[in-house]
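Beneath this line is the structure, given in structure tokens, with notes to follow.
The values are calculated or read from the model by the stated rules, or taken from the named source; none is laboratory data. For clarity, every value in this text was computed on a predicted model and none was experimentally measured. Cβ placement follows ideal geometry from the backbone for every residue including glycine, while neighbour counts extend to all protein chains displayed. We work out accessible area using only protein heavy atoms, side chains counted, and drop any ligands, DNA or RNA first. Shrake-Rupley method; radii C 1.70, N 1.55, O 1.52, S 1.80 Å.
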Amino acid sequence: MTKAQIVNEISKSTGIEKANVLETVEKFMEVVKDSLANGENVYLRGFGSFIVKTRSQKTARNISKNETIIIPEHKIPAFKPAKVFMEEVK
């Protein structure tokens, strides 16, 4: 499902104009992205959590140059679904 399809579904079910729904959805995504960029997790009860995970430093290989490189520790965004969410998907 795409963002446009989500906006259409919300607009149909609530009767709110698509432009207003699109603005709200985009603002929601911006708030989540900004929160994660600042190291803050976002918890949505009954849905799940958008969290920041830390990947540890590791050694990798550049095959084309045949050399070993070190990938430093870095943070990545992740989503952890709530139990209710998981049960509904099963």
With Cα atoms, 0 to 90° folded angle of helix 18-37 axis to the chain main axis: 30
Rounded if a/c under 1.5, otherwise prolate or oblate - the chain, Cα gyration tensor axes: prolate
Please list, or write none, the aspartates and glutamates whose alpha carbon is within less than 15 Å of the alpha carbon of K75, excluding same-chain residues fewer than 8 places away. D34, E40
Is the shape of region 45-90 rounded, prolate or oblate, going by the alpha carbon gyration tensor and its root eigenvalues a ≥ b ≥ c, with a/c under 1.5 for rounded and a/b larger than b/c for prolate? prolate
Here are some pairs, K53/K80; K33/K53; K18/K80; which of them have Cα atoms lying more than 21 Å apart in this structure? K18/K80
Accessible area per residue of the chain at 1.4 Å probe, in Å²? 84
Within-13-Å neighbourhood charge of H74 [Cβ basis; K, R +1; D, E -1]: +3
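Can you tally the net charge around T24? Count Lys and Arg as +1, Asp and Glu as -1, for every other residue whose Cβ sits under 12 Å from the Cβ of T24.
Values: positive: K3, K18, K27; negative: E17, E23, E26, E30.
Within the 12 Å Cβ shell, the charges total -1.
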